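Since the structure comes first, as structure tokens, the remarks are kept for the end.
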């Protein structure tokens, strides 16, 4: 009996010692470099407390997705328009000057709209800044009855500028221009000089571009052009970032910060050069390359600008006009069969695609927890 009592007392003492030792343990921390009184395979109860499932799932709107998927249809129509013009010049003996002059006229008109719109929006922002400066200067006297600890009454009209923007009375109109978010309108003389230089360069190298692939079979050219068109569709950046940034220094280039991929534009230019090498004359190659640059390079920039300015009616006019013109040209040139196939592809992308994208969201199963690696933040110096 004594031995049994001794063994039970020893067991109770060991258990009590373990409890005391466990009580002296520091709480578990999710730190790999910190030496802790726990086993390597220890799993704390708080480890999965911050587990999140499908935290990034968004409830998409069908009509919003339909509007977004329309950009894919517009990009496909632009690619098809370039192909149709090449086919017309190469097979149907179209006059190459007609599409080149038409696209150049529309580009010049769009450039004028671009410059005028930037000037109007810049002047409107400057007026708003002056009103904000006057409001900040007169606010202490107008609301002197409020205590300094109390917040001032909010302005009736929401300001498009940051709330922490402080303007001083010494700042003149030129000083206020550094707060503007719209880019400066391009200089007309410098833009015209650059355009003439580019046209003369293309005209000079047209004989070289025309004879670039004389030793290559036509089947290889068509296959290469098909792959370039597919890559153009795949690498084009269809997302649009309309984040407001401050106005940069004076610039004379006809460009706007867009999300359109430069890689896609380079691929479209390469496709134009490859196709132009199959044309019969230097003038045809020159006109076709100019048309391709204006349609595939400059028009997406202008369309992105109209959407950034929220000219939605004008944007939808561009979409409907280009899509309808391309559909009609496909019907007249290739017949009913290709027309139905082309329209069916557009219908599937624009109507069926958003619905299918929404249906796929129910299969999304994403887990996020405290063990996820940190995402690096890249800052430009």
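The values are calculated or read from the model by the stated rules, or taken from the named source; none is laboratory data. Just so it is clear, the structure is predicted and the values come from calculations on it, not from any experiment. With ideal geometry, Cβ positions are generated from the backbone for all residues, glycine too; neighbour counts draw on all protein chains shown.
See the values below:
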item: Verdict on residue 354 being surrounded by 11 or more Cβ atoms within 10 Å (Cβ to Cβ) and at pLDDT below 85; result: no
item: Filter result (over 28 Å from the mean Cα position of the chain (by Cα) and either more than 18 Å from residue 273 (Cα to Cα) or buried (at least 20 other Cβ atoms within 10 Å of the Cβ) (or both)) within the range 86-119; result: 86, 89, 92, 93, 94, 95, 96, 98, 99, 100, 101, 102
item: Test: residue in the range 304-315 that is at negative phi, buried (at least 21 other Cβ atoms within 10 Å of the Cβ) and touching a residue at least 24 places away in the same chain (Cβ under 8 Å); result: no
item: Every residue from the range 180-222 that is in contact (Cβ under 8 Å) with a residue 12 or more places away in the chain, out of contact with any helix residue (DSSP H, G or I) (no Cβ under 9 Å at 6 or more places or on another chain), loosely packed, with under 14 Cβ neighbours inside 10 Å and within 22 Å of residue 110 (Cβ to Cβ); result: 190
item: Conditions (1) farther than 18 Å from residue 301 by Cβ; (2) surrounded by 12 or more Cβ atoms within 10 Å (Cβ to Cβ); (3) free of Cβ contacts under 8 Å to residues at least 60 places away in the same chain: number failed by residue 45; result: (2)
item: Filter pass, residue 281 being closer than 23 Å to residue 83 by Cβ, out of contact with any helix residue (DSSP H, G or I) (no Cβ under 9 Å at 6 or more places or on another chain) and at pLDDT 85 or above; result: no
item: Residue count for the range 320-347, restricted to those that are crowded, with 17+ Cβ neighbours inside 10 Å and in contact (Cβ under 8 Å) with a residue 60 or more places away in the chain; result: 7
item: Conditions (1) closer than 30 Å to residue 218 by Cα; (2) assigned to a helix (DSSP H, G or I); (3) modelled with pLDDT under 95: number failed by residue 330; result: (3)
item: Residue in the range 245-261 that is on the phi < 0 side of the Ramachandran plot, modelled with pLDDT under 90, in a helix (DSSP H, G or I) and touching a helix residue (DSSP H, G or I) at 6+ places or on another chain (Cβ under 6 Å) present; result: no
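Yes/no matrix, rows are residues, columns are (1) closer than 30 Å to residue 342 by Cα; (2) touching a residue at least 40 places away in the same chain (Cβ under 8 Å); (3) assigned to a helix (DSSP H, G or I):
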| site | (1), (2), (3) |
| --- | --- |
| 76 | yes, yes, yes |
| 87 | yes, yes, yes |
| 92 | yes, yes, no |
| 95 | yes, no, no |
| 103 | yes, yes, yes |
| 108 | no, no, yes |
| 111 | no, yes, yes |
| 115 | no, yes, yes |
| 121 | no, yes, yes |
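Per-residue answers, yes or no, for (1) more than 23 Å from residue 86 (Cβ to Cβ); (2) at pLDDT below 90:
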| residue | (1), (2) |
| --- | --- |
| 167 | yes, yes |
| 198 | no, no |
| 213 | no, yes |
| 222 | no, no |
| 226 | no, no |
| 229 | no, no |
